[in-house]
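Report on the structure given below.
The values are calculated or read from the model by the stated rules, or taken from the named source; none is laboratory data. Keep in mind the model is a prediction, meaning the values are calculated, not measured. When we count neighbours, we look across all protein chains shown, and the Cβ atoms used for this are built from the backbone with ideal geometry, even at glycine.
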Amino acid sequence: MTSPFLHDGIGFNYEVFGKGAAVVFCHGLGGDLNQPRDLVGRLDGCRLVVWDARGHGLTEPLGPARGFNFATFASDLHALLDHLDIQRAVIGGISMGAGIAARFATDWPERVRALVLMRPAWGNKPIPDNLRLFPVVAEYLGRFGGEKGLGEFLKLPGPQSLRKQSACTFDSLCQQFSKHKAIERHIRLKAMPNDCPVTDWSPVERCIAPALVVGNDPDPAHPLRLARLWAQHLPNARLVQVPTKSHGSDEHALAFRKHLISFLEALEK
């Protein structure tokens, strides 16, 4: 366990594993650093850095509501790299973390050795259809709290429709009601879907770093079309598809690691 580093009045929690070239991975909305750590696993010859974004995991305090946007989260990541004296790294992320990584790459392209976008959930517009239920979760957490909020949420037609589409995605959404400090941090579920990593694709199209974009299907929260969209606009992107988590989380993770290791090995050639 490392000591948190202080930035913008917030103590950011992070962990570092291994030695070698830096690979930094960002978690998804409502998650924490365990998500990318467990997904990526051990990377021989690499130093894996994972962290808890503001309002997530062991990073505290919450900070102002205005800080919940992709530009601020990317700035937080920039501060972490400076703290660790990492000048260039492979920057990656899952879902919201993919959006943070992408925003970081457009703001500080000189710091990005390569880019990895795993199951991106945002494009260039706020409140995409695939994330419309997250602000509803935020509203019900704020109005009713955790247990009652979940009960009231499940009475709505939207969650029940999602349940029929994907039990895995439905379960993941319902788990937001019981996350660590879910009520205190419910702003994240409203603010982040109402933002987006970029509003214009032109800065993305100037990102010349090698990129690996990973999608799966079916996945209502992370539609494959968004992975294709990012791969289309990143000039040096490779798009791959992995089995959906609903067909088995182990198979999903193993397929991702295979593509990630192959991508990282190609950077050394």
Query raised in the report: Restricting attention to region 88-132, which residues are under 9 Å from the mean Cα position of the chain (by Cα) and either surrounded by fewer than 19 Cβ atoms within 10 Å (Cβ to Cβ) or hydroxyl-bearing (Ser, Thr, Tyr) (or both)?
Result: 95
Report task. Assess whether residue 91 counts as being touching a helix residue (DSSP H, G or I) at 6+ places or on another chain (Cβ under 7 Å), assigned to a helix (DSSP H, G or I) and either at pLDDT 95 or above or in the same structural domain as residue 238 (by TED's automatic domain parsing) (or both). Result -> no
Report task. Report yes if residue 63 is in a loop (DSSP other than H, G, I, E, B), closer than 27 Å to residue 130 by Cβ, of a type outside the set (Val, Ile, Thr) and in contact with a His (Cβ under 8 Å, 6 or more places away or on another chain), otherwise no. Result -> no
Requested in this report: Go through the residues of region 249-259 one by one and say whether even a single one is assigned by TED's automatic domain parsing to the domain that holds residue 94, more than 19 Å from residue 97 (Cβ to Cβ) and not in a helix (DSSP H, G or I).
Outcome: no
Requested in this report: Report yes if some residue within region 149-158 is free of Cβ contacts under 8 Å to residues at least 12 places away in the same chain, touching a Phe, Trp or Tyr at 6+ places or on another chain (Cβ under 9 Å) and not basic (Lys, Arg); otherwise report no.
Outcome: yes
Query raised in the report: With (1) out of contact with any His (no Cβ under 9 Å at 6 or more places or on another chain); (2) touching a residue at least 40 places away in the same chain (Cβ under 8 Å); (3) surrounded by 16 or more Cβ atoms within 10 Å (Cβ to Cβ); (4) not assigned by TED's automatic domain parsing to the domain that holds residue 33 as the list, and residue 144 as the residue in question, which single condition is left unmet?
Result: (2)
Report summary line: Sole miss for residue 252 among (1) more than 20 Å from residue 43 (Cβ to Cβ); (2) surrounded by 17 or more Cβ atoms within 10 Å (Cβ to Cβ); (3) touching a Pro at 6+ places or on another chain (Cβ under 6 Å); (4) not small (Gly, Ala, Ser) is condition (1)
Query raised in the report: Limited to region 147-172, what total is found for residues that are assigned to a loop (DSSP other than H, G, I, E, B) and surrounded by 14 or more Cβ atoms within 10 Å (Cβ to Cβ)?
Result: 2
Requested in this report: Scan region 83-100 and report the pairs whose first residue is more than 14 Å from residue 112 (Cα to Cα) and whose second residue is basic (Lys, Arg) and part of a loop (DSSP other than H, G, I, E, B), with Cβ atoms within less than 8 Å and a gap of 6+ or a chain change.
Outcome: 94/119; 95/119
Query raised in the report: Residues of region 173-186 being surrounded by fewer than 19 Cβ atoms within 10 Å (Cβ to Cβ) and part of a helix (DSSP H, G or I), which ones?
Result: 174, 175, 178
Report summary line: Filter region 214-233 for residues that are touching a strand residue (DSSP E or B) at 6+ places or on another chain (Cβ under 6 Å) and more than 24 Å from residue 170 (Cα to Cα); the one that is surrounded by the fewest Cβ atoms within 10 Å (Cβ to Cβ) is 231
Query raised in the report: Just a yes or no: is a residue in region 201-209 under 19 Å from the mean Cα position of the chain (by Cα) and assigned to a helix (DSSP H, G or I)?
Result: yes
Query raised in the report: Out of 207, 174, which single residue is touching a Ser or Thr at 6+ places or on another chain (Cβ under 9 Å) and not aliphatic (A, V, I, L, M)?
Result: 207
